[in-house]
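One structure below.
The values are calculated or read from the model by the stated rules, or taken from the named source; none is laboratory data. Since this is a predicted model, take the numbers as computed values, not measurements. Don't worry about glycine lacking a Cβ; one is built from the backbone with ideal geometry, like all the others, and counts go over all protein chains shown. Please note that ligands, DNA and RNA were not included when accessible areas were found on the heavy atoms of the full protein model with its side chains. Shrake-Rupley method; radii C 1.70, N 1.55, O 1.52, S 1.80 Å.
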Amino acid sequence: MKYFRRSAFPRLWFLFAFFLIGWYLGSCKEKIDPPAKEEVSKAMENGYLAHEGYSRSLNFVKDWLAYADPETGLIPRNLGDSQDIWNAKDAAADNYPFMVMTAALLDSDLYQGQMKQILETEIKVTNRLDRLPDTYSFSKQGFEQETLNKDDLIFGASEYVKDGLLPLTEYIGKTAWSDRMIGLVDDIWKHAEYETPFGLIPSLNVEVNGELLQVLSRVYWMTGDKKYLEWATRLGDYYLLGQQHPTDDFEVLRLRDHGCEIVSGLCELYITSAFAAADKKSAYQPAIYRMLDRILEVGTNSHGLFYNQINPQTGEILDEGIADTFGYTFNAYYGVYLLDQHEAYRTAVLKALGNLDQYEYFDWERGSADGYADAIESALNLYNREKSSKTATWIDSQTQHMWSLQDSAYRSGTAAYRGNGIIEGWHGDGNFARTTLMYCLWKSQGATASPWHKQLYLGAIPKENGILLTLLSEEPWKGKINFDAPRHQKIFQLPLDYPRINQFPEWFTISPDKKYQVTFPQGETRHTYTGKELMEGLEINLEENQQISVLVDLLDD
């Protein structure tokens, strides 16, 4: 008994001392001020908006897949008179890639399973001329047309690459889809047979060549292969140094999609040349400026937005409609501004953005959701470079209207889709998902949750040196917050983050060589991470109906 008493006494003192030290350290703990309630509320509001957009996009994918061909799994061109065919320029270019993108963000099983299987089957059954695909008939279990039309194949492949595979690659990186993209580009140029003073080109179609200029300018940086720059330069010389200048020589210049691609394509090559072929940049500059200046002079209305179609030589307006794809052309202006600091081109962009409030619920394309998708994307991509609360308000309001069209079955041809995620039953539905995903990523500042589920809400707002994230789960959730990276460098290795058609803008990004401070105000804890560590994801455990906030700040070097 004596032994017990003598040995227990120091143990008690040790425990008491340990308690005192813990109490002292706790009392000295750094006090972390919580974020302002209005900031948390705004971040949470953004989380609800992102959640709605993600849910709508996933519903679109799953309900469209119900119409996939039972034999091949390919999705049809539309759910009306073209339900029997798959084609490259529509089904593959506009719809399928954004099903893939949705699945990559929200449903890994769907992404790794059915989405990849569709691509494998597509390559197997639709390739007709080397890797160039042709229209496939489900009922024939073969090509729709007996004879091969090379121009049609090249057109479809260029659409598939520019509209679908290029933005998909820019977000998810090197995958089987990027391999498909490179294969299509290579075989388009393998079959280039149109003679020009500057060498063979694959098409005389201005839309195709505009798309290829965009694709080649980015794929050159992505791969480092000079053949892509050489091919792009061949097209640039043809339009800027020959007799095919868009405003000097065209009698019809379309300033909306299916025509406007040549303007942004030539400007992408101009930017690329500045970093890869300075002599070409100097040679192209006068022609680029003549083109852009003339379009501003005769191709815009009083609000600074583009008409659908003009005669650039006479200045005649051939189609007074306003292009829903106004941002596709303004990307070119802003890119040249970033490169040359030519202020007039930035001023033109700001004028158009400043007048968007004149186009509340504007009928861009006869009531179609696709018109809203293109107009919202146009504004969102430029807003990423030129922040304005007025522009943000317009984007929010128009997105709400676009989403409402998914719910409404009181428009022509949509009654069959009442109560499901299909919007209008044609390939343009994919653009609804494309723009919705862009919008959702804005609302979370590029952060995503893995795994995503229907009871999880993640939103964010920008802060001076970082972001404030807010999460809420209606059931227990364990996963990671994943942060965006400077994808224009990491994936495409671009020398300049100029605005690009169908790109997914970067908001808050993590650089691997920087340091970041992560603060959990509720728990009054704070940790420092390297960018490399943070890019592995931030592990989070949430209890049922638990809401937390997370501050992520870039630390000074």
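Taking the listed residues ILE118, ILE154, the one that is of a type in the set (Val, Ile, Thr), crowded, with 16+ Cβ neighbours inside 10 Å, in contact (Cβ under 8 Å) with a residue 12 or more places away in the chain and more than 22 Å from TRP64 (Cβ to Cβ) is ILE154, with no other qualifying.
Within the range 528-553, restricting attention to residues that are hydroxyl-bearing (Ser, Thr, Tyr) and in contact (Cβ under 8 Å) with a residue 24 or more places away in the chain, the residue that is most open to solvent (accessible area, probe 1.4 Å) is THR528.
Inspect the range 86-94 for any residue being under 16 Å from THR135 (Cβ atoms) and either modelled with pLDDT under 95 or open to solvent by 30 Å² or more (accessible area, probe 1.4 Å) (or both) and give the result as yes or no. Scanning the range 86-94, I find at least one residue that is under 16 Å from THR135 (Cβ atoms) and either modelled with pLDDT under 95 or open to solvent by 30 Å² or more (accessible area, probe 1.4 Å) (or both), so the answer is yes. The set of residues from the range 510-527 being in contact (Cβ under 8 Å) with a residue 40 or more places away in the chain, open to solvent by less than 20 Å² (accessible area, probe 1.4 Å) and not in a loop (DSSP other than H, G, I, E, B) comprises TYR516, THR519. Give the range 463-491 a look and list any residue that's surrounded by fewer than 21 Cβ atoms within 10 Å (Cβ to Cβ) and more than 19 Å from TYR529 (Cα to Cα), or say none. Once the filter is applied, which keeps residues that are surrounded by fewer than 21 Cβ atoms within 10 Å (Cβ to Cβ) and more than 19 Å from TYR529 (Cα to Cα), the range 463-491 yields LEU472, GLU474, GLU475, PRO476, TRP477, LYS478, GLN489, LYS490, ILE491.
Scoring TYR410 on the criteria (1) at pLDDT below 95; (2) buried (at least 19 other Cβ atoms within 10 Å of the Cβ); (3) among the aromatic types (Phe, Trp, Tyr) leaves a single failure, condition (2). The residues on offer are GLU360, GLU343, GLU316, and the sole one that is open to solvent by 50 Å² or more (accessible area, probe 1.4 Å) and at pLDDT below 95 is GLU360. Residues considered: GLY446, GLY419. Of these, the only one that is out of contact with any helix residue (DSSP H, G or I) (no Cβ under 6 Å at 6 or more places or on another chain), part of a loop (DSSP other than H, G, I, E, B) and closer than 24 Å to SER388 by Cα is GLY446. Please tell me if ASP134 is crowded, with 17+ Cβ neighbours inside 10 Å, touching a residue at least 40 places away in the same chain (Cβ under 8 Å) and within 30 Å of GLN400 (Cα to Cα). So ASP134 does not fit the description; no. Per this entry, SER404 is not counted among residues that are open to solvent by less than 10 Å² (accessible area, probe 1.4 Å) and either more than 27 Å from ALA92 (Cβ to Cβ) or without any contact (Cβ under 8 Å) to a residue 40 or more places away in the chain (or both). Filtering ASP163, ASP179, ASP186 for residues that are more than 24 Å from MET438 (Cβ to Cβ), among the acidic types (Asp, Glu) and in contact (Cβ under 8 Å) with a residue 40 or more places away in the chain leaves a single hit, ASP186. Determine, yes or no, whether SER368 is among the hydroxyl-bearing types (Ser, Thr, Tyr) and modelled with pLDDT under 95. So SER368 fits the description; yes. Annotation note: Cβ proximity below 6 Å between a residue of the range 233-260 that is under 14 Å from GLY321 (Cβ atoms) and a residue that is among the small types (Gly, Ala, Ser) (sequence gap 6+ or interchain) occurs for LEU255/GLY299; LEU255/ALA323; ARG256/ALA323. In summary, PHE275 fulfils each of the numbered conditions (1) crowded, with 19+ Cβ neighbours inside 10 Å; (2) out of contact with any Ser or Thr (no Cβ under 8 Å at 6 or more places or on another chain); (3) aromatic (Phe, Trp, Tyr) with the single exception of condition (1).
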